[in-house]
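Before any comments, here is the structure.
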Amino acid sequence: MILDFNKLIKKYKLNIKGTIHIGAHYGEEYSLYKSHNIENLVFFEPLKDNFCILEKKLINENVLLINKALGATNKKIDMNVETANNGQSSSILDPDLHVHQYPHIVFHKKEKVDMITLDSYFKKYKDKIEKYNFINIDVQGYELEVFKGSKNTLQYIDYIISEVNRADLYKNCAKVND
């Protein structure tokens with residue numbers, strides 16, 4: 001998370017009940033959420049290697065860990081995977097300007113992952129959705145597609161922190177104007 005979360009909470013008097021973290025990687029923000037006594041946490045991470053590290057890190061914590069990608073539909077899909085940046089630049093979208101701006105990051109393989117919509121996840125857990133009012137999302141240009149599959153869930157959300165693109169770092173990525 002590039003933004004200063006502590007500063008945002010203080011400045012805007014955010015009252016976060018629970019966090020849906022999409023693109024969890026290794027759960028780096030977990031301690032930050034806990035420092036603000038955010039009890040309800042769900043982390044979505046689609047890559048199996050990253051998910052294994054996330055699971056080991058948070059094994060004894062009261063956190064929901066979901067090994068799925070999120071998008072506008074439920075399906076299996078290929079992800080472009082890199083390891084030079086510990087998988088943080090991996091994306092469902094093909095890299096575009098990213099390969100020129102970060103030539104040391106090479107997308108060397110594809111991994112088939114399960115994609116679901118956030119709405120379909122919470123459809124199974126209707127009683128839980130009201131526990132969450134904050135989304136933190138960083139999915140390498142695929143954010144708009146995730147929101148398309150979250151129309152029902154978004155009515156419960158008060159706050160969103162999202163990565164946005166101003167250029168085509170990834171092919172067909174949503175940009176600020178989208």
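Annotations
- Verdict on Lys131 being under 15 Å from the mean Cα position of the chain (by Cα), of a type in the set (Lys, Arg), farther than 18 Å from His25 by Cβ and surrounded by fewer than 20 Cβ atoms within 10 Å (Cβ to Cβ): no
- When segment 40-55 is limited to residues that are touching a residue at least 24 places away in the same chain (Cβ under 8 Å) and not in a helix (DSSP H, G or I), the one that is farthest from Ile135 (Cα to Cα) turns out to be Leu47.
- Residue in segment 157-171 that is modelled with pLDDT of 95 or more and in contact with a Gly (Cβ under 6 Å, 6 or more places away or on another chain) present: yes
- Near pairs, Cβ below 7 angstrom, 6+ apart or cross-chain, from segment 2-28 (under 13 Å from Ile137 (Cα atoms)) to any residue that is open to solvent by 20 Å² or more (accessible area, probe 1.4 Å) and assigned to a loop (DSSP other than H, G, I, E, B): His21/Glu29; Ile22/Val139; Gly23/Asp138; Gly23/Val139; His25/Gln88
- Subset of segment 33-66 that is of a type in the set (S, T, N, Q) and open to solvent by 60 Å² or more (accessible area, probe 1.4 Å) - its residue that is farthest from Tyr125 (Cα to Cα): Ser35
- Out of Thr73, Thr117, Thr83, one residue alone is at pLDDT below 95 and out of contact with any helix residue (DSSP H, G or I) (no Cβ under 7 Å at 6 or more places or on another chain). It is Thr83.
The values are calculated or read from the model by the stated rules, or taken from the named source; none is laboratory data. What you see is a predicted model, and the numbers here were worked out from it, not measured in a lab. No Cβ is skipped: glycine too gets one built from the backbone with ideal geometry, and neighbour counts run over all protein chains shown. When the accessible area is computed, the model is the full protein with side chains, heavy atoms only, and any ligands, DNA or RNA have been set aside. Shrake-Rupley method; radii C 1.70, N 1.55, O 1.52, S 1.80 Å.
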